[in-house]
Amino acid sequence: MEPMTRTAPAKINLALDILRRRDDGYHDMKMVMQTVSLADRLEVTETDGGFVLQTESGLIPEGKITLEERATKAFFERIGQPVPGLRVCLEKHTPAYAGMGGGSADVAALLRILRDHYCPQLPDAVLEEVGFTVGSDMPFCVRGGTALAQGRGEVLTDLPAMPACAIVICKPDFGIPTPELFARVDAGALRNRPDVDGMMEALHRQDLRGIADRLGNVFEQVLPAEFGEVFSIKEQLCRLGALNALMSGSGPTVFALFERDEQAAAAAAEMKCRYRETYVAHPVKKF
Ligand code: C5P
């Protein structure tokens with residue numbers, strides 16, 4: 001059997017609001033999510049037995065049950081077929097632990113490969129449900145494009161595709177654990193909530209400046225002082241001509257919107273001198 005390959009594009013949050021803490025410990029969210037062209041690459045081969053995940057840095061911790069393996073089991077359970085032997089090779093190009101959903105995007109790409117090969121008739125909605133068993137942002141990563149995400153992240157409403165623009169993505173050299181940042185949030189005490197409804201209207205109008213003006217992420221309000229570099233990166237990107245810049249998800253990656261590719265390329269070249277993990281990407285439409 002031929003190896004099956006797919007790209008796994010990362011996401012950014014154009015707007016991220018946290019509405020309340022739920023009784024189950026999770027939070028109700030109101031977010032506008034956008035798939036971007038910065039992507040990992042997955043290759044899946046059927047083998048004689050077992051589940052193997054391989055990256056450039058070797059086999060992923062031997063003996064550890066990865067999200068990929070859990071999602072694979074959930075998928076085959078859902079379609080009522082035995083789990084075949086599978087080797088998943090992962091080529092990483094997106095920053096890890098970065099607020100860009102990179103890990104979830106890899107699992108989502110794996111699920112789409114498995115669906116295409118083993119159960120092509122399986123509806124997208126079911127694949128999103130299978131994804132949701134391993135992570136809150138999985139349903140969006142399975143769907144892709146531009147969407148409003150509510151609930152834990154699984155209640156999705158498609159939005160008009162983001163207008164053409166260039167996106168500079170810049171990750172400083174530290175990571176911020178998502179659960180720790182959630183734990184710092186007192187949803188009732190948040191100020192300056194992003195105008196998520198205004199963001200959706202700007203998308204409907206295809207108004208890039210309106211979108212840029214409404215970028216907002218409440219996680220920026222609870223960032224510990226030692227991660228202040230995030231704000232410095234935002235300022236640097238705006239000085240280099242961005243319409244606006246924002247931390248994505250639970251950070252620390254910052255993205256900045258540019259009207260023109262050349263401006264973005266020049267800004268990225270400048271930022272790359274200081275931040276190794278700097279990239280230029282574009283919005284990606286629904287899969
Ligand atoms: O769903 P996932 O495992 O990706 O979530 C990681 C962590 O982020 C959760 O353990 C929880 O602390 C937090 N989270 C949350 N509310 C959400 C999504 C995630 O509190 N809607």
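Considering (1) of a type outside the set (S, T, N, Q); (2) part of a strand (DSSP E or B); (3) surrounded by fewer than 22 Cβ atoms within 10 Å (Cβ to Cβ), the lone condition that P120 does not fulfil carries the number (2). Residues that are under 30 Å from E220 (Cβ atoms), within 16 Å of the ligand (Cβ to nearest atom) and of a type outside the set (G, A, S): does the range 52-65 have at least one? No, there is no match, as no residue in the range 52-65 is under 30 Å from E220 (Cβ atoms), within 16 Å of the ligand (Cβ to nearest atom) and of a type outside the set (G, A, S). Taking the options D23, D17, D28, name whichever one is within 16 Å of the ligand (Cβ to nearest atom), out of contact with any Phe, Trp or Tyr (no Cβ under 6 Å at 6 or more places or on another chain) and not in a strand (DSSP E or B). Unique residue meeting the criteria: D23. Residues in the range 272-287 that are under 20 Å from N13 (Cβ atoms) and assigned to a helix (DSSP H, G or I): 0 in all. Return yes or no: is A109 of a type in the set (A, V, I, L, M), at pLDDT 95 or above and within 27 Å of H204 (Cα to Cα)? Criteria not met by A109. If you go through the range 158-187 and keep only what is within 16 Å of the ligand (Cβ to nearest atom), in contact (Cβ under 8 Å) with a residue 40 or more places away in the chain and in contact with a Lys or Arg (Cβ under 9 Å, 6 or more places away or on another chain), you end up with F182, V185, A187.
Taking the criterion of being within 16 Å of the ligand (Cβ to nearest atom) and under 16 Å from T253 (Cβ atoms), the residues of the range 31-45 that qualify are M31, M33.
Hey, can you tell me all the residues within the range 26-51 that are farther than 21 Å from A71 by Cβ and either at pLDDT below 95 or of a type in the set (F, W, Y) (or both)? Of everything in the range 26-51, just one residue is farther than 21 Å from A71 by Cβ and either at pLDDT below 95 or of a type in the set (F, W, Y) (or both), namely D48. Considering (1) more than 17 Å from Q34 (Cα to Cα); (2) within 14 Å of the ligand (Cβ to nearest atom); (3) surrounded by 24 or more Cβ atoms within 10 Å (Cβ to Cβ), the lone condition that L110 does not fulfil carries the number (2). When the helices (runs of 4 or more DSSP H) confined to the range 126-234 are screened for residues that are in contact with a helix residue (DSSP H, G or I) (Cβ under 9 Å, 6 or more places away or on another chain) and buried (at least 18 other Cβ atoms within 10 Å of the Cβ), those reaching at least 2 such residues are found at 138-143, 196-205, 208-213.
Only residues that are in contact with a strand residue (DSSP E or B) (Cβ under 9 Å, 6 or more places away or on another chain), more than 15 Å from the ligand (Cβ to nearest atom) and over 27 Å from D207 (Cβ atoms) were counted in the range 115-157, giving 2.
Residues are listed down the side, and each one gets a yes or a no for (1) of a type in the set (A, V, I, L, M); (2) closer than 21 Å to D197 by Cβ; (3) touching a residue at least 40 places away in the same chain (Cβ under 8 Å):
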| site | (1), (2), (3) |
| --- | --- |
| K11 | no, yes, yes |
| L19 | yes, yes, yes |
| T35 | no, no, yes |
| T47 | no, no, yes |
| S57 | no, no, no |
| K64 | no, no, no |
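Take the residues of the range 196-207 that are in contact with a strand residue (DSSP E or B) (Cβ under 7 Å, 6 or more places away or on another chain) and away from the ligand (no atom under 16 Å from the Cβ): which is nearest to L16 (Cα to Cα)? Once the filter is applied, the top-ranked residue is M199.
Of all residues in the range 137-170, exactly one satisfies the criterion of being among the basic types (K, R) and under 14 Å from the mean Cα position of the chain (by Cα), namely R143.
The values are calculated or read from the model by the stated rules, or taken from the named source; none is laboratory data. Treat the numbers as computed from the prediction; the structure is a model and nothing was measured. Here the Cβ is made from the backbone with ideal geometry for all residues, glycine too, and neighbour counts use every protein chain on show.
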